[in-house]
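Notes for the one structure printed next.
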Amino acid sequence: MVRAGISPFAGYMAAWNVSFYTIIIIGVQGPSLINNVAYIAGPRGAWMMNSAPMIVGASIVALLALYAVNVRGLDLGKWFTGSGSVLTLVLSVLMLYLLFERWVSGVPAAHPPFSLARPAFSILTLNVFTKMSIGAL
């Protein structure tokens, strides 16, 4: 579409950009999966993030699952997308229920949820600000 609307070079650059983005996104699936599993496991799962075979294995499994969905076709992809949407709605309702339950019980918050105080300048706050700025682009 970009090629027809702008130029063949612009179409090539758009396709290259999407391909590069896809490679980056797929490349972090294995480590992200292992990081989440290690977090769920708690202190007993700390070794997982240092296990190269486990990270490579999780990456391969994630790529094979993605390949299987692509080979199977669009019907299966639509099912995964729909189930993700339903799961998002269920989790949103659960969070609202837990928030309402805490509010009704009168239990004070562990920390103030919102503050207008300016954060202290440090390398951490600069890092977070930079990530937010780049993410906003």
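The values are calculated or read from the model by the stated rules, or taken from the named source; none is laboratory data. The shown structure was predicted, so the numbers you read here are calculated from the model rather than taken from an experiment. Here Cβ is always computed from backbone atoms with ideal geometry, including for glycine, and neighbour counts include all displayed protein chains.
Assorted remarks:
- Applying the criterion of being within 24 Å of Ile23 (Cβ to Cβ) and exposed (fewer than 11 other Cβ atoms within 10 Å of the Cβ) to the residues of segment 34-63, the residue that is modelled with the lowest pLDDT is Ala52.
- Only one of Phe100, Phe80 that is under 30 Å from Leu66 (Cα atoms) and not assigned by TED's automatic domain parsing to the domain that holds Ala65: Phe80
- If you check Leu76, Leu96, Leu66, Leu87 for being over 17 Å from the mean Cα position of the chain (by Cα), under 25 Å from Thr22 (Cα atoms) and not β-branched (Val, Ile, Thr), only one passes: Leu76.
- Screening the candidates Pro43, Pro31 for the property of being in contact (Cβ under 8 Å) with a residue 24 or more places away in the chain and not hydrophobic (A, V, I, L, M, F, W, C) yields one hit, Pro31.
- Residue match in segment 78-95 (condition: in contact with a helix residue (DSSP H, G or I) (Cβ under 8 Å, 6 or more places away or on another chain), under 28 Å from Gly27 (Cβ atoms), assigned to a helix (DSSP H, G or I) and of a type outside the set (Asp, Glu)): yes
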